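Structure first, then comments.
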Amino acid sequence: MAQFSHPELGGMGQWSSGMLMIGEFSNSVLKEKVQAICAELSELVAGSSSREMTKESAETRKPMEALRTVEPIQPIKPMEPMESLTPMEPLKPMQPMKPLKPFDNIQWWPSSLGTPSSAGSQNQIRYAYFPATNRLAIEQNGKVTTFDTGRHKIHGASQAQGESTTLAFDSQLGRVTLSDLTEVSTPSS
């Protein structure tokens, strides 16, 4: 039994009497050559005399001769000495985190709308959806505008990128934009 890894033998391979696997599995000519080489090596290792070798194994010596034409492996050059390592600067103690600034105006929508089921922001626009009253509050440039969502039950938001800053919302009825909704006035208290 033998295992090998050599490009001229089809890459990685394994040989056992009656079985051969090589990396170039579809190259039948190479398989025959590798099979012959392995068989001949096996006979040599087993100590078979040349009289015991069959006519077939005598013909298989040609692949072994092909291996003798391979250039010998060049010795590895010794490595040059490495530069000595310079010590690293010692780690500095970590500074404690500074407290976060409180959010400016956490509830930016009119309190009369209640608690939103969802709220978020896209770039410089904030939105909050209130399903109990079918209202959508939008805050842009410090101004809050309220819209009636009608039959739309909003469950997602997206904003067109590029020059347009149009918000679009997903509802059970499909996509809806602010221009599809009716602006309503809402008491600010």
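The values are calculated or read from the model by the stated rules, or taken from the named source; none is laboratory data. Being a predicted model, the structure only gives us computed values, none of them experimental. Cβ coordinates were reconstructed from backbone atoms using ideal geometry, including for glycine residues, and neighbour counts include every protein chain displayed.
For the stretch 140-153, indicate whether the set of residues that are surrounded by fewer than 19 Cβ atoms within 10 Å (Cβ to Cβ), modelled with pLDDT of 85 or more and among the aliphatic types (A, V, I, L, M) is non-empty.
Yes, the conditions are met somewhere in the stretch 140-153.
Among the residues of the stretch 84-97, is any touching a strand residue (DSSP E or B) at 6+ places or on another chain (Cβ under 9 Å) and over 15 Å from L167 (Cα atoms)?
Filtering the stretch 84-97 for residues touching a strand residue (DSSP E or B) at 6+ places or on another chain (Cβ under 9 Å) gives none.
There is no residue in the stretch 84-97 that is touching a strand residue (DSSP E or B) at 6+ places or on another chain (Cβ under 9 Å) and over 15 Å from L167 (Cα atoms).
Scan (1) out of contact with any helix residue (DSSP H, G or I) (no Cβ under 8 Å at 6 or more places or on another chain); (2) modelled with pLDDT under 85 for the single condition P63 breaks and write down its number.
The failed condition is (1).
Taking strands (runs of 3 or more DSSP E) that do not extend beyond the stretch 89-157, which have at least 3 residues that are within 40 Å of the chain's Cα centre (by Cα)? Talk me through it step by step, then tell me what you get.
Details: elements: 118-122, 125-130, 135-140, 143-148.
Result: 118-122, 125-130, 135-140.
Condition test on S48, is it in a helix (DSSP H, G or I) and modelled with pLDDT under 85? Steps first, please.
Values: in a helix (DSSP H, G or I): no; modelled with pLDDT under 85: yes.
So S48 does not fit the description; no.
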